[in-house]
1. Evaluate the following for residue 75: is it touching a Lys or Arg at 6+ places or on another chain (Cβ under 9 Å), surrounded by fewer than 22 Cβ atoms within 10 Å (Cβ to Cβ) and in contact (Cβ under 8 Å) with a residue 12 or more places away in the chain?
2. Restricting attention to segment 240-275, which residues are of a type in the set (A, V, I, L, M) and touching a strand residue (DSSP E or B) at 6+ places or on another chain (Cβ under 9 Å)?
3. If you go through segment 325-334, how many residues are surrounded by fewer than 17 Cβ atoms within 10 Å (Cβ to Cβ) and either farther than 12 Å from residue 9 by Cα or modelled with pLDDT under 95 (or both)?
4. Restricting to segment 239-254, and then to whatever is part of a loop (DSSP other than H, G, I, E, B) and more than 16 Å from the chain's Cα centre (by Cα), can you tell me which residue is farthest from residue 57 (Cα to Cα)?
5. Do we have residue 203 as within 30 Å of residue 131 (Cβ to Cβ), surrounded by fewer than 20 Cβ atoms within 10 Å (Cβ to Cβ), more than 24 Å from the chain's Cα centre (by Cα) and at pLDDT below 95 here?
6. Would you mention how many residues in segment 1-36 are of a type in the set (Val, Ile, Thr) and touching a Lys or Arg at 6+ places or on another chain (Cβ under 6 Å)?
7. Hey, residue 159 hits all of (1) in contact with a Pro (Cβ under 8 Å, 6 or more places away or on another chain); (2) under 15 Å from residue 268 (Cα atoms) but one; which does it fall short on?
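The values are calculated or read from the model by the stated rules, or taken from the named source; none is laboratory data. Since the model is a prediction, treat every value here as computed from it, not as a measurement. Methodologically, a virtual Cβ is constructed for each residue, glycine included, from the backbone with ideal geometry; neighbour enumeration extends over all protein chains shown.
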Amino acid sequence: MPRLSLAEARTLATRALEAAGASPAMAALTAQALVEGEAEGQGGHGLSRVPQYAGFLANGRADGTAIPAVVAERGGAALVDARHGLAYPALHLAVAEAARRAKDHGVAFLGITNSHHAGTMGLPVAALARQGLVALAFTNSPAAMPVPGGRRPLLGTNPVAAAFPRRDAAPLVIDLALSEVARGRIMQAAKAGQPIPEGWALDAEGNPTTDAEAALGGAMLAMGGTKGALLALVVELLCCALTGAAFGFEADSFFTASGNRPRLGHALLTIDPGALVGQDGFADRLETLLSAMQEDAGVRLPGRRRAGLADRAASEGVEVPAALLNTLQELARR
């Protein structure tokens, strides 16, 4: 399988996105995030998204010329309008605003509206944690899961991420979607003609199914049943009701190039430990818990595998399937 250095991957992705209509700034920030996701082993939010984003740019689902801006603010709270562009310039602006406002006020809440697919949400919170801040991130997504007792998809898989700075180590990063399983696993089962476990999805009539094809035409189920679905509802309201963004059921699927501008919402909650127990007190408490966790054999801290893969990719690069590499090169030549 072909291998690219991270610099080569960023350059290729940037050129492909620019050729599709993204501004240089949007293309560079998007490529950076996608390559970081690829390096961490998150291929579903890595280079494979470049052709998808290029399609969104080419057919108007995303505005490649959009420049995000702060459109409302008061103290530690602010709203960033992504203006229908790809999400990463808006997230970049929101991270900078969140860091500044949290250091000024002790806490900051940044909402983002009129946005797009946000990729790996662990990246923006890790960026804030590297500045000594505790950060939580939320995003909604096109509808994939029903509400408790419902049949049709209304809520997205609505990922949640959190990052905590450590004294002498990389931040502790937790990143998860609220569905029982990633949709990609159901797609893989459908392609292979294999069944899926009961509890992963419903069919189009709202019945539990083990048929992967039927699941793709129905709805995914939340992890933990009703509790997970209610957490997804909390995320939906944080990201949309507070920002004016579109709910998941108002956004067309990302799995087709055509459709509406999704107008998704994201949110960043950022806390300066110095405003509470203090940086040292926070670090002491965090390390006490992490040390206790690791006393049990087999415990692996969240994010450690991703960090290890990223370190390896920094020196060895990333493998890119030949078909995907050819597609990226073709996009970059246009």
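1. yes
2. 241, 242, 245, 246, 251, 264, 267, 268, 269, 271, 275
3. 4
4. Filtering segment 239-254 for residues that are part of a loop (DSSP other than H, G, I, E, B) and more than 16 Å from the chain's Cα centre (by Cα), the one farthest from residue 57 (Cα to Cα) comes out as 242.
5. The answer is no for residue 203.
6. Counting residues in segment 1-36 that are of a type in the set (Val, Ile, Thr) and touching a Lys or Arg at 6+ places or on another chain (Cβ under 6 Å) gives 1.
7. Among (1) in contact with a Pro (Cβ under 8 Å, 6 or more places away or on another chain); (2) under 15 Å from residue 268 (Cα atoms), residue 159 violates only (1).
Matching residues to (1) of a type in the set (Gly, Ala, Ser); (2) assigned by TED's automatic domain parsing to the domain that holds residue 93:
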{"site": "120", "(1), (2)": "no, yes"}
{"site": "129", "(1), (2)": "yes, yes"}
{"site": "135", "(1), (2)": "yes, yes"}
{"site": "140", "(1), (2)": "no, yes"}
{"site": "155", "(1), (2)": "no, yes"}
{"site": "169", "(1), (2)": "yes, yes"}
{"site": "206", "(1), (2)": "yes, no"}
{"site": "214", "(1), (2)": "yes, no"}
{"site": "217", "(1), (2)": "yes, no"}
